[in-house]
1. Which one, CYS303, VAL7, ASN435, projects farthest toward the positive side of the charge dipole computed for the chain from Cβ point charges (K/R +1, D/E -1)?
2. Over what distance in Å are the Cα centres of region 308-331 and region 194-225 separated?
3. Add +1 for every Lys or Arg and -1 for every Asp or Glu among the other residues with Cβ under 12 Å from the Cβ of PRO330, and state the total.
4. Within the accessible area of the chain, what % is carbon and sulfur when the probe is 1.4 Å and the other protein chains stay in place?
5. When the helix-only estimate is applied to the chain (DSSP H runs of n ≥ 4, each -39,500 (n - 2.57), divided by the residue count), what is the mean residue ellipticity at 222 nm, nearest 500 deg cm²/dmol?
6. In Å², what does the accessible area per residue of the chain work out to with a 1.4 Å probe?
7. Assign unit charges at the C-beta atoms only (+1 for Lys and Arg, -1 for Asp and Glu), then state the dipole size of the chain relative to its Cα centre in Debye, rounded to the nearest 20.
8. Rounded, prolate or oblate for region 328-431? Axes are the square roots of the Cα gyration tensor eigenvalues, ordered a ≥ b ≥ c, and the cut-off for rounded is a/c under 1.5.
Amino acid sequence: MSKNKTVFFCTDCGNEFPKWSGQCAACSAWNTIAEQPAVSKSKAKTSGKSGRSGSSLLGNAGLKRTPQKLKSLETSGELRFSTGLSEFDRVLGGGAVIGSLVLVGGSPGIGKSTLLLQICGLLRESSKVLYVSGEESERQIKMRAERLGVKSDNVFVYSETELTEIVSAADELSPDIIIIDSIQTLYNPELTASPGSVGQVKDCTMALLRLAKDTAVTVFLVGHVTKDGAIAGPKVLEHMVDCVLYFEGERSMNYRILRAAKNRFGSTNEIGVFEMMDKGLVEVLSPSELLLSGRPQSTPGTCVTAIIEGTRPILAEIQALVSPSSANMPRRNSNGIEYNRAMMLLAVLQQRGGLRIGGCDAYINVIGGLSIDDPGADLATVLSLASAYRDKPLRSDIAVFGEVGLSGEIRQVSQISPRLSEISRMGFNACILPNSAKYTNDSANNLEIIRVKNISEAIRVAIVE
């Protein structure tokens, strides 16, 4: 009896190795080598009408491509189309691009399938959609579609996991959009590896990539995630697709955030905000109102800041809790602010702000599950910590923004005018900003502007004595 051959793959870069090792020799990542059955080709199987085998169904088999002059290529046609959800279009960079391959990842039950099925309903008049599910039957999809109010003659559902059958159905139907739910359930019968393995995921994704590029059909892939939050499968999967979107949020909460981790056709800084309701996802057009709802008044340890996500200004609430610690190593925790940056701000607050916070437990949290990368939130983090340490509230009608340097200075940030306009729109009366900030007078709109040079000045003017 012959022994089954196995190959070792790096789940980050996809390189293959004959034996296991602790570190990948290609990308230097640790503990990423996984064992999978060796991918071997079985005897060619033909598929009905085309008479072609396996992956040769995908793309223009037998057609020779030739290099084209860049100047001679036409781009005058409509390259983008609206999905019907403005928040989804915003994250994609203004709409979905024809012939693109988009990967949507997220935790189980977060709403990935719901989001894409809603898009099917919104595109019913302009596009023909093929919804392929490897996890649900056609009847289950129909039940969910009725709950979401999706009714269309241009939406076709197909419960199938075999790649060649899916491509044959796409050849016959000629859809404008294909949705695959999910990529980890597909398999190519020409490969001996099991569905969801590294080899199957790579091969099926490459086949769908060629299908998208050769036939100008837009393909959306649903991807599972690991317990660490990364998309399951080889990291090369994210390199192959055009866009990688993450659907984030706590299942116990109604709000969801769609974020782009990669986008070849637009910015990766945009976010889309949705609320999960009984009849599906509803767009939240004003995230600032959502994130500030229920904000406590005259409570120590809370501060509002204006951040920029792509082109959109958003007001976010940062809360802090500081309490004396009897342990040799005080506990520190940060949610929504990168941990190392939060620890740096704690050190600056002690050394430059004169607050002996080193012997205290410190907890930082961004309300609403938002993750902030904007350095303009530094000042709000420092002020919330100072307010919690002194147990005195900040002015309730004030918002702040500014980057904090290691010497305690408040530095310039980008897009000041949009931040001020959003602060004024949300009803705040004053704003603390860097002394060197430049903005248009119209954006201030009767706001009291308080300029500060360092964190000591900011603490003095913001905290109510």
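1. VAL7
2. That distance is 40 Å.
3. Values: positive: ARG331, ARG332, ARG356; negative: ASP361.
Spelling it out: positives minus negatives among the neighbours equals +2.
4. Numbers: 10900 of 22400 Å².
Reported share for carbon and sulfur atoms: 49 percent.
5. One gets -7500 deg cm²/dmol as the mean residue ellipticity at 222 nm.
6. Values: 22400 Å² over 465 residues.
On a per-residue basis, 48 Å².
7. Numbers: 50 positive and 49 negative charges, 199 e Å.
In debye, rounded to 20, the chain gives about 960.
8. Working: a/c = 1.67, a/b = 1.64, b/c = 1.02.
Prolate is the answer for region 328-431, as a/c is 1.5 or above and a/b outweighs b/c.
The values are calculated or read from the model by the stated rules, or taken from the named source; none is laboratory data. Quick caveat: nothing in here was measured; it's all calculated off a predicted structure. Every residue, glycine among them, receives a Cβ derived from its backbone with ideal geometry; neighbour counts consider all protein chains shown. The protein model used for the area step is the full one, side chains on, heavy atoms only, and it has no ligands, DNA or RNA in it. Shrake-Rupley method; radii C 1.70, N 1.55, O 1.52, S 1.80 Å.
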